[in-house]
Amino acid sequence: MNTLTLSDSIKDYYRLLMASKTEKNVKQKNRYDAVLLYMEGYPRKQIAQILHIPHRTVNYHILNYEKGGIESLLIIKQPGAQKKLTDEQETELLFVISTQTPEEAGMGVFANWTAALACAFVEQKFGVLFSSRGMLNLFERLGLTYTRPTYTLDKADPQKQEEFREAFESLKKTAEW
C-alpha cells in the first residue's frame, strides 16, 4: 500500500497547484482542480458543483490520484481507428491526385478531383470503401486542400474583348433581347 507522508502530500499539493495554474487544456485543469479541492477538504459532491462536472468524474479523478499519483491524472491521447490505406497506398493516391486528372486516371471525363471521385478511385484501385467525409479527412492528413478551379484567358486579345463588350451592350438594348 502506498502511503504518503505529510511532507509528500504538501509537495504533491504544490505540484498540482502549479500544474493547474499553468495548464491550458480545460479537461486536464479540471482533473488537477478536482484533486486540489479534495486535498483542501471539500466534499466530492461540492467539488462536482464547483467544477460543473459529474460526481462520478470527481470520484474517478480522486481514485486515480490515490492509486497512481499526479502522473495518473494526465490525459493520454487515444490512438483512434487504424488507417484504411497503407502508407504506400496513400503515397500512390497522393501522386495520382496531384499529377493526373480524373480522366487520365481512368475515372471518366472529369476535369477535377472531388472527394467522391477519389472515393471511387480508391475503391476501384485498392478495394477500400471511404465516405466523402473520410476522404476529406485523408486529404487533410496528406496535405491536400480543396480549391475551386478558376479559368482565365491568358491569351485573349484585350481589344477583341472590349469590342465584344460594346457589341453585347448594344445587343441588350435591342427589342429581341
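The values are calculated or read from the model by the stated rules, or taken from the named source; none is laboratory data. Model, not experiment: these values are computed from the prediction. Cβ coordinates were reconstructed from backbone atoms using ideal geometry, including for glycine residues, and neighbour counts include every protein chain displayed. All accessible areas refer to the heavy atoms of the entire protein, side chains included, with ligands and DNA or RNA removed. Shrake-Rupley method; radii C 1.70, N 1.55, O 1.52, S 1.80 Å.
Can you list the chymotrypsin sites (Phe, Trp or Tyr not before Pro) in the range 20-120 that are in a DSSP coil and have 14 or fewer other beta carbons within 10 angstrom? Intermediate results must be reported in sequence, preceding the final value.
Working: sites: Tyr32, Tyr38, Tyr60, Tyr65, Phe95, Phe110, Trp113; in loops: Phe110, Trp113.
Listed in order of number, the matching sites are Phe110.
On alpha-carbon atoms, Rg over Rh for the range 1-153 using Kirkwood Rh? Mind showing how you got there, number by number?
Values: Rg = 25.7 Å, Rh = 19.9 Å.
Ratio of gyration radius to Kirkwood radius for the range 1-153: 1.29.
Taking the range 74-140, which trypsin sites (Lys or Arg not before Pro) meet the DSSP loop condition and have no more than 12 other C-beta atoms within 10 Å? Let's see the in-between values first.
Details: sites: Lys77, Lys83, Lys84, Lys125, Arg133; in loops: Lys77, Lys83, Lys84.
Here the trypsin sites (Lys or Arg not before Pro) that fit, given the DSSP loop and packing criteria, are Lys77, Lys83.
Which angle from 0 to 90°, rounded to the nearest 10, does the C-alpha axis of helix 55-68 make with the longest principal axis of the chain?
Approximately 70 degrees, to the nearest ten.
How large is log10 I(q)/I(0) at q = 0.17, 0.18, 0.27, 0.30 Å⁻¹ when the Debye formula is applied to the Cα atoms of the range 85-134, each weighted equally and without solvent?
-0.44, -0.50, -1.13, -1.33
Which value in nm describes the separation of the simple spin-label points at Lys172 and Met39, placed 7 Å from the Cα toward the beta carbon?
Simple spin-label model gives 7.4 nm for this pair.
Over the range 83-173, give the accessible area per residue in Å² for a 1.4 Å probe, as an integer.
On the way: 6860 Å² over 91 residues.
Per-residue value: 75 Å².
At most 16 other Cβ atoms within 10 Å plus a DSSP loop assignment makes a site exposed; report the longest stretch of the chain without any exposed GluC sites (Glu not before Pro).
Working: sites that count: Glu23, Glu40, Glu103, Glu104, Glu176.
Answer - 105-175.
Where does the range 50-111 land on the Kirkwood hydrodynamic radius, alpha-carbon pairs, in angstrom? Walk me through the intermediate numbers first.
Working: mean 1/r = 0.0604 Å⁻¹.
Here the Kirkwood hydrodynamic radius works out to 16.6 Å.
Please state, to two decimals, what the Cα-based radius of gyration of the range 4-77 comes to when divided by 2.2 N^0.38 Å (N = residues). Intermediate results must be reported in sequence, preceding the final value.
On the way: Rg = 11.4 Å, N = 74, 2.2 N^0.38 = 11.3 Å.
Compactness ratio reported: 1.01.
So how tilted is helix 115-126 from the main axis of the chain? Cα-based, degrees 0 to 90, rounded to 10.
Roughly 80 degrees between the two axes.
What distance in nm lies between label points placed 7 Å from Cα along the C-beta direction at Lys21 and Leu144?
For the pair Lys21/Leu144, the computed spacing is 4.9 nm.
Stokes-Einstein D for the range 70-177 at 25 °C, 0.890 mPa s, Kirkwood Rh over Cα pairs, in µm²/s?
Details: Rh = 18.2 Å.
In µm²/s, the coefficient rounds to 135.
Against the longest principal axis of the chain, how steep is helix 26-39, in degrees 0 to 90 to the nearest 10, with axes from Cα atoms?
Rounded to the nearest ten degrees, it is 10.
Go ahead and estimate [θ] at 222 nm for the chain from helices alone: -39,500 (n - 2.57) per DSSP H run with n ≥ 4, summed, over the residue count, rounded to 500. Walk me through the intermediate numbers first.
Details: 8 runs with 104 residues, N = 177.
Calculated from helices alone, the mean residue ellipticity at 222 nm is -18500 deg cm²/dmol.
Which lysines, if any, have their Cα less than 17 Å from the Cα of Lys24, not counting same-chain residues under 8 positions apart?
Lys77
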